[in-house]
Amino acid sequence: MAESSLDGPPFAYANPVIRKLICAWKYDGDEEGLQRLVDLIRTRSDSWKALCAAKNIEAIVPIPLSRWKERMRGFNQARDGARVIGELLHLPTVDLLERKHRWFAQANTSHEERKKSFRTNVFTMRNGAVIPKRIVIFDDVETTGATMSAAEDVLRDAGVEEIVRMSIARG
């Protein structure tokens, strides 16, 4: 599929161009994959910019990896993605959330298994965090929405009033 035919953002994860770039970045640590995604987003980000302006968004909050997974990968792709998207949208990146414990790889599970796994929330607020009232939560890929919903629950309980979801890809 030609890149000029891409919709988005968010892009369809089923699109082979997008999937290849995300996998290269997420699993191989290929910063060029992230930069190519950002270049694609930059040319199609007017709707994100308008939404953030209309809702007076104050910050972008990445979905955290477990400490174990971040050590294994050597980076947190959601934090890195949030940082570059935040720069594009002129928003600071704020780490508000932590994962309570190591979690399974969602890429290898069914929709039903994912829903069941989030019955007990896996997130908690970081100690001492200054909590903005209007934020974007960001994850690299949103599939079922379970991760974002779990994060939203914790953030709303902490006093966040407006939450906008953003991801590079859906599917």
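The residue that is farthest from A78 (Cα to Cα), counting only those in region 117-142 that are among the β-branched types (V, I, T) and more than 11 Å from the chain's Cα centre (by Cα), is T120. Filtering G8, G86 for residues that are touching a Ser or Thr at 6+ places or on another chain (Cβ under 8 Å) and either modelled with pLDDT of 90 or more or closer than 18 Å to R170 by Cα (or both) leaves a single hit, G86. Among the residues of region 144-163, at least one is surrounded by fewer than 18 Cβ atoms within 10 Å (Cβ to Cβ), at pLDDT below 90 and of a type outside the set (G, A, S).
Tallying residues that are loosely packed, with under 15 Cβ neighbours inside 10 Å and either under 17 Å from the mean Cα position of the chain (by Cα) or free of Cβ contacts under 8 Å to residues at least 24 places away in the same chain (or both) within region 52-68 yields 3.
The values are calculated or read from the model by the stated rules, or taken from the named source; none is laboratory data. Remember, it's a predicted structure, so these values are computed and weren't measured experimentally. All Cβ positions, glycine included, derive from the backbone under ideal geometry; neighbour counts span all protein chains shown.
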